[in-house]
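One structure is given here, and the rest of the page talks about it.
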């Protein structure tokens, strides 16, 4: 399943290294936009959210959406487009 992960991290200067590491550990990943990732993972949206929330502050926000097979369009870096072509 392709899960789109988008978040707002509220504290400026906060170190979210463990959050990024956890996102990358979920499966094949693509950092599509500043705070948006696409991950090919067997985990459900709910499982991904629960896994990542443990690495976020209480006031941070997160949205995880299963986009498997979704129609998409956008202006993205070439490596993001290549990832999408391979995984969608």
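Restricting to the range 1-58, give me the number of residues that are under 11 Å from the mean Cα position of the chain (by Cα), outside any helix (DSSP H, G or I) and under 19 Å from residue 72 (Cβ atoms).
The number of residues fulfilling the criteria is 20.
In the range 24-37, which residues are in contact with a helix residue (DSSP H, G or I) (Cβ under 7 Å, 6 or more places away or on another chain) and either without any contact (Cβ under 8 Å) to a residue 12 or more places away in the chain or buried (at least 16 other Cβ atoms within 10 Å of the Cβ) (or both)? Break it down stepwise before answering.
The first filter runs over the range 24-37 and keeps only residues in contact with a helix residue (DSSP H, G or I) (Cβ under 7 Å, 6 or more places away or on another chain), leaving 26, 28-30, 32, 37.
Answer for the range 24-37, where residues must be in contact with a helix residue (DSSP H, G or I) (Cβ under 7 Å, 6 or more places away or on another chain) and either without any contact (Cβ under 8 Å) to a residue 12 or more places away in the chain or buried (at least 16 other Cβ atoms within 10 Å of the Cβ) (or both): 26, 29, 30, 32, 37.
So is residue 65 under 10 Å from the mean Cα position of the chain (by Cα), modelled with pLDDT of 95 or more, over 15 Å from residue 87 (Cα atoms) and crowded, with 17+ Cβ neighbours inside 10 Å or not? Give the steps one after another, and end with the answer.
Working: under 10 Å from the mean Cα position of the chain (by Cα): yes; modelled with pLDDT of 95 or more: yes; over 15 Å from residue 87 (Cα atoms): yes; crowded, with 17+ Cβ neighbours inside 10 Å: no.
Taking the combined requirement at face value, the residue does not satisfy it.
The values are calculated or read from the model by the stated rules, or taken from the named source; none is laboratory data. Here the structure is a predicted model, which is why all the values come from computation and not from measurement. Cβ: placed from backbone, ideal geometry, glycine included. Neighbour counts: every protein chain shown.
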